[in-house]
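These notes concern the structure reproduced below.
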Amino acid sequence: MTFSTNDTKFMKIALKEAKQALNKGDYPVGAVLVINNKVVGKTRNSILTKMDWASHAEAKLMAKCSAAIKKSIKTDHANIELFTTLEPCLMCLGSAVLHRISRIVFACPDPHGGATNINQNSLKNWYKNNWPKIDGELLKEEAYKLMITFMEDKNTAPWKEIKILYENLHKSWLTKK
């Protein structure tokens with residue numbers, strides 16, 4: 001997959017959001033919403049700081065920008081793109097489909113909860129017809145490092161297991177080179 005200069009620019013904005021989340025002690029995920037090559041919103045995860053497991057960057061961003069998304073779809077069938085530093089989970093992917101996102105670009109694959117490889121043939125036609133194009137692994141190393149940094153000081157068994165999943169994912173990237 002070849003990414004454009006704009007793709008890289010938008011992902012770097014998402015990475016800044018993820019770094020801010022990390023600095024606040026939160027799971028380091030950032031997201032940017034782009035309509036017709038213009039940034040209309042950006043945010044970061046707050047699942048730990050708000051004590052709300054549904055406060056994923058992508059879901060918050062789409063909810064915040066929902067009116068702009070609907071307006072752009074109705075007026076000019078806009079190209080709506082979601083840039084996120086982590087592969088979307090099932091909730092965020094579902095929200096992207098419902099919001100008619102045209103394309104999702106993510107940085108780091110999520111070996112713990114990523115849902116972009118879901119079998120579309122198992123879905124009903126409405127979902128298949130509104131499924132976004134999904135491109136992954138843009139600036140994946142930067143996003144991966146943020147995830148590992150976040151997990152470094154987590155000493156509970158679940159976090160240790162998740163960290164191992166990420167480390168194994170990273171090893172697979174290195175063997176592909």
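The values are calculated or read from the model by the stated rules, or taken from the named source; none is laboratory data. The model shown is predicted, which means the values in this text are computed figures rather than measured ones. No Cβ is skipped: glycine too gets one built from the backbone with ideal geometry, and neighbour counts run over all protein chains shown. Quick note on the areas: whole protein, heavy atoms, side chains included, nothing else; ligands and nucleic acids left out. Shrake-Rupley method; radii C 1.70, N 1.55, O 1.52, S 1.80 Å.
Annotations
- Pairs where the first residue, in region 153-174, is in contact (Cβ under 8 Å) with a residue 60 or more places away in the chain and the second is open to solvent by less than 60 Å² (accessible area, probe 1.4 Å), C-beta under 9 Å, 6+ apart: L169/C108; L169/P109; L169/D110; L169/P111; L169/Y144
- Odd one out for K16, checked against (1) over 13 Å from L146 (Cβ atoms); (2) open to solvent by 60 Å² or more (accessible area, probe 1.4 Å): (1)
- Residue match in region 131-144 (condition: over 17 Å from P109 (Cα atoms), surrounded by fewer than 14 Cβ atoms within 10 Å (Cβ to Cβ) and of a type in the set (F, W, Y)): no
- Selection status of K133, without any contact (Cβ under 8 Å) to a residue 60 or more places away in the chain, in contact with a strand residue (DSSP E or B) (Cβ under 7 Å, 6 or more places away or on another chain) and farther than 18 Å from A57 by Cα: yes
- Filtering region 47-101 to residues that are aromatic (F, W, Y) and exposed (fewer than 14 other Cβ atoms within 10 Å of the Cβ) leaves only W53.
- Any hit, region 111-131, residues being modelled with pLDDT of 95 or more and in contact with a Lys or Arg (Cβ under 7 Å, 6 or more places away or on another chain): no
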